[in-house]
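Accompanying notes for the structure given below.
The values are calculated or read from the model by the stated rules, or taken from the named source; none is laboratory data. Values in this document were obtained by computation on a predicted structure and should not be read as measured data. Ideal geometry is used to build each Cβ from the backbone, glycine not excepted, and the neighbour counts take in all protein chains shown.
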Amino acid sequence: MDGTEAVGAVESTVIEIRAVIKGFLQERLQPKLDEIRKKEEKLIENEEDKLQQLKMDRQQLLDSHELETWITDAARRVGQIQQVTHAIKFTHPDARGTSLEAPGNQNVDRFTVGTHIIYENCRSDVVGNAAALDVYKFLRLEVGGKTLLERAIENDPALRAAFSGDKNQAQSWMSAFANITSSKNRSASHKLAKQVYWPLGNGEYHLLAPLFPTSLVDVVWNTIQKDRFSETAKAARNARRAGSSYSEGYREYPDMAIQKFGGTKPQNISQLNSDRHGENYLLSSCPPTWASERVRPPIGVSSVFDGWFGRRKSVRELIRILRDFLTRVQAINNVMIRNKRAELISYLRDELLQFAAEIHELPGGWSISKSCRLNMDEQCWLDPWRAENDEIFCSLCRLDSWKDAVCKRFANWLNARLTTSTLRMGENEAREWQSVLAGELRMIHMEIGIND
């Protein structure tokens, strides 16, 4: 591009910038003129003084929206606002500390979510005097793929020429607008802001002041809005309800909450907060609610110790730990060893009691089934509610013999699982395992109301 072409391109851009600015000013001016016109139409003939005042108001509006006049005022008011990505007023609307325009930490790994991920494509927010937010809307006007703010920061000659024929005046305005990204005061926190004292040792600390990542939140909010309310998402949901196919999927956000900022005046917090209607989506961070597998009765076995209980993953792991421990300490016998052994056995006992409690949730009488081959002692233990409608079974449950039998089966089963070529379990160990379970079974027996 030679010099003539370059000058022509700049002049063309100047004309385009002026047209965009005038369109913006007219868009702001017209509703105010319409309001004056409505007031004029309501006046009667003897209200000449009011009519004259409205004419003066109209002229004042027209004068104030002349391009250079309005830009002069905007350059004065731009000092009342600041472009930011992290704002302080979300913590408290009266917080007066520093807000920041920050790209985030570019040195963190790719698994860390933050403003750095979306900084190049996110919208910056604006904080400060809500009455001056129109200045930021002005600076966000685009011409040739660039905003007026970007052109001001780049010291664009086309913008300078579009602003005014007075180069010095235009340069002063551009400098004022470009300064919108800078904090107006020395960096400081505030008593109404969040503050965290981070210890460094030796009585020293950093004072951290977390700021609300409004630009990042804006991306999240708009993404969720699209996922919830876009026509594509609605059509995909309708297709699912109708049982038909659809080319696009959709996303759901269960248990989501909405946090409101600014009450009835969200613009007092920030511009993007106003655009979001004061809303901030809070995604659920609660642990999942697990749907447990349906409890099945132990059908087809003569004893639950033969497979049903022993197959549980937690039981197998406890058996392995106990076996390894006993193998290592079989030549030692002291209080610490005995206490550790008792602790491991208590874990295994608790697993057995949990297993029984799950079976107790079944409707009483499941052991009557012809497919049930469970021995009568374990039927009394695991199907106690059957006694409510079966007198013979109830009389068996009242006896103590089933408890002793269950304890012996538990002890023999545990001995068999622990015995290896290098670890031998005998009657003494069996009596110990049996005693651990006996007291617990007695209490369960009383809780289910079998005793007289």
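Going through region 235-291 one residue at a time, which ones are of a type in the set (Gly, Ala, Ser) and within 23 Å of the chain's Cα centre (by Cα)?
First, the residues of region 235-291 that are of a type in the set (Gly, Ala, Ser): 235-236, 239, 242-245, 247, 249, 257, 262-263, 270, 274, 278, 284-285, 291.
Once the filter is applied, which keeps residues that are of a type in the set (Gly, Ala, Ser) and within 23 Å of the chain's Cα centre (by Cα), region 235-291 yields Gly249, Ala257, Gly262, Gly263, Ser270, Ser274, Gly278, Ser284, Ser285, Ala291.
If you scan region 373-383, which residues turn out to be farther than 12 Å from Lys403 by Cβ and either modelled with pLDDT under 90 or among the hydrophobic types (A, V, I, L, M, F, W, C) (or both)?
Keep residues of region 373-383 that are farther than 12 Å from Lys403 by Cβ, which gives 373-376, 379, 382-383.
Within region 373-383, Leu374, Met376, Leu382 meet the criteria.
Quick check on region 136-154. Is at least one of its residues buried (at least 16 other Cβ atoms within 10 Å of the Cβ), of a type in the set (Asp, Glu) and free of Cβ contacts under 8 Å to residues at least 12 places away in the same chain?
yes
Within region 420-452, can you find the residues that are at pLDDT below 65 and out of contact with any helix residue (DSSP H, G or I) (no Cβ under 9 Å at 6 or more places or on another chain)? Spell out the reasoning first.
Let us first name the residues in region 420-452 that are at pLDDT below 65, namely 443-452.
Those that are at pLDDT below 65 and out of contact with any helix residue (DSSP H, G or I) (no Cβ under 9 Å at 6 or more places or on another chain): Met443, Met446, Glu447.
If we keep just the residues of region 413-422 that are within 52 Å of the chain's Cα centre (by Cα) and touching a residue at least 60 places away in the same chain (Cβ under 8 Å), which is nearest to Asp306 (Cα to Cα)?
Looking at residues that are within 52 Å of the chain's Cα centre (by Cα) and touching a residue at least 60 places away in the same chain (Cβ under 8 Å), I get Trp413.
Please verify whether Thr112 is touching a Pro at 6+ places or on another chain (Cβ under 8 Å) and of a type outside the set (Gly, Ala, Ser), treating the condition exactly as stated. Can you show your working first?
Values: touching a Pro at 6+ places or on another chain (Cβ under 8 Å): no; of a type outside the set (Gly, Ala, Ser): yes.
Spelling it out, it is not the case that Thr112 is touching a Pro at 6+ places or on another chain (Cβ under 8 Å) and of a type outside the set (Gly, Ala, Ser).
In the list Ser215, Ser189, which residue meets the criterion of being part of a loop (DSSP other than H, G, I, E, B) and either touching a Phe, Trp or Tyr at 6+ places or on another chain (Cβ under 6 Å) or at pLDDT below 95 (or both)? Full working, then the answer.
Numbers: Ser215 fails: part of a loop (DSSP other than H, G, I, E, B).
That would be Ser189, the only listed residue that is part of a loop (DSSP other than H, G, I, E, B) and either touching a Phe, Trp or Tyr at 6+ places or on another chain (Cβ under 6 Å) or at pLDDT below 95 (or both).
For region 279-312: of the residues being surrounded by fewer than 16 Cβ atoms within 10 Å (Cβ to Cβ) and among the polar types (S, T, N, Q), which is nearest to Ser369 (Cα to Cα)?
Ser302
Take the residues in region 392-405 that are assigned to a helix (DSSP H, G or I) and without any contact (Cβ under 8 Å) to a residue 40 or more places away in the chain, then tell me which one is surrounded by the fewest Cβ atoms within 10 Å (Cβ to Cβ). Spell out the reasoning first.
Initially, region 392-405 is screened for residues assigned to a helix (DSSP H, G or I), giving 392-398, 401-405.
Keeping just the survivors that are without any contact (Cβ under 8 Å) to a residue 40 or more places away in the chain gives 392-393, 395-396, 401-402, 404-405.
Numbers: Ile392: 8, Phe393: 20, Ser395: 10, Leu396: 17, Ser401: 11, Trp402: 21, Asp404: 14, Ala405: 16.
If we take residues in region 392-405 being assigned to a helix (DSSP H, G or I) and without any contact (Cβ under 8 Å) to a residue 40 or more places away in the chain, then Ile392 is surrounded by the fewest Cβ atoms within 10 Å (Cβ to Cβ).
Test each condition in (1) closer than 30 Å to Val10 by Cβ; (2) within 35 Å of the chain's Cα centre (by Cα) for His116 and report the one that comes out false.
Every listed condition holds for His116 apart from (1).
Kindly provide the set of residues from region 159-195 that are crowded, with 16+ Cβ neighbours inside 10 Å and small (Gly, Ala, Ser), ordered by number.
Ala161, Ala162, Ser164, Ala170, Ala176, Ala178, Ser189, Ala193
Is there any pair linking a residue in region 223-249 that is within 27 Å of Arg123 (Cα to Cα) to one that is loosely packed, with under 14 Cβ neighbours inside 10 Å and among the basic types (Lys, Arg), with Cβ under 6 Å and at least six apart or on different chains, and which?
From residues that are within 27 Å of Arg123 (Cα to Cα), the pairs are Asp227/Arg251.
Taking into account only those residues within region 267-278 that are part of a helix (DSSP H, G or I) and in contact with a strand residue (DSSP E or B) (Cβ under 8 Å, 6 or more places away or on another chain), which is surrounded by the fewest Cβ atoms within 10 Å (Cβ to Cβ)?
Keep residues of region 267-278 that are part of a helix (DSSP H, G or I), which gives 267-268, 271-275.
Keeping just the survivors that are in contact with a strand residue (DSSP E or B) (Cβ under 8 Å, 6 or more places away or on another chain) gives 271-273.
Values: Gln271: 26, Leu272: 23, Asn273: 29.
Among residues in region 267-278 that are part of a helix (DSSP H, G or I) and in contact with a strand residue (DSSP E or B) (Cβ under 8 Å, 6 or more places away or on another chain), the one surrounded by the fewest Cβ atoms within 10 Å (Cβ to Cβ) is Leu272.
Can you tell me which residue in region 406-420 is surrounded by the most Cβ atoms within 10 Å (Cβ to Cβ), limited to those that are touching an Asp or Glu at 6+ places or on another chain (Cβ under 9 Å) and closer than 19 Å to Gln330 by Cα?
Leu414
Go through (1) over 50 Å from the mean Cα position of the chain (by Cα); (2) modelled with pLDDT of 80 or more; (3) not small (Gly, Ala, Ser) for Cys407 and report which single condition fails.
With respect to (1) over 50 Å from the mean Cα position of the chain (by Cα); (2) modelled with pLDDT of 80 or more; (3) not small (Gly, Ala, Ser), Cys407 is out only on (1).
Output yes when any residue across region 362-372 is in a helix (DSSP H, G or I), surrounded by 12 or more Cβ atoms within 10 Å (Cβ to Cβ), among the small types (Gly, Ala, Ser) and at pLDDT 90 or above, and no when none is.
The initial filter retains those residues of region 362-372 that are in a helix (DSSP H, G or I), namely 366-368.
Among the residues that remain, those that are also surrounded by 12 or more Cβ atoms within 10 Å (Cβ to Cβ) are: 366-368.
Those still in the list that are among the small types (Gly, Ala, Ser) too: 367.
In the following step, the residues that additionally are at pLDDT 90 or above were identified as 367.
The answer is yes; a qualifying residue exists.
May I ask you to list the residues in region 366-389 that are touching a residue at least 40 places away in the same chain (Cβ under 8 Å) and aliphatic (A, V, I, L, M)?
Correct list: Leu374, Leu382, Ala387.
For region 217-224, indicate whether the set of residues that are among the acidic types (Asp, Glu), surrounded by 15 or more Cβ atoms within 10 Å (Cβ to Cβ) and under 19 Å from the mean Cα position of the chain (by Cα) is non-empty.
Checking region 217-224: at least one residue is among the acidic types (Asp, Glu), surrounded by 15 or more Cβ atoms within 10 Å (Cβ to Cβ) and under 19 Å from the mean Cα position of the chain (by Cα).
If you scan region 1-19, which residues turn out to be surrounded by fewer than 15 Cβ atoms within 10 Å (Cβ to Cβ) and either modelled with pLDDT of 90 or more or not in a helix (DSSP H, G or I) (or both)?
Met1, Asp2, Ile15, Glu16, Ala19
Output the residue which, of all residues in region 60-86 that are assigned to a helix (DSSP H, G or I) and among the acidic types (Asp, Glu), is nearest to the chain's Cα centre (by Cα). Even if it seems obvious, please write down each step before you answer.
Restricting attention to region 60-86, the residues satisfying the condition of being assigned to a helix (DSSP H, G or I) are 60-64, 67-80.
After this cut, where a residue has to be among the acidic types (Asp, Glu) as well, the list is 63, 68, 73.
Values: Asp63: 50, Glu68: 47, Asp73: 42 Å.
Per the criteria, the residue is Asp73.
Sort through Ser314, Ser302 and tell me the only one that's over 30 Å from Gly263 (Cβ atoms) and touching a Leu at 6+ places or on another chain (Cβ under 7 Å).
Details: Ser314 fails: touching a Leu at 6+ places or on another chain (Cβ under 7 Å).
Of Ser314, Ser302, the one residue that is over 30 Å from Gly263 (Cβ atoms) and touching a Leu at 6+ places or on another chain (Cβ under 7 Å) is Ser302.
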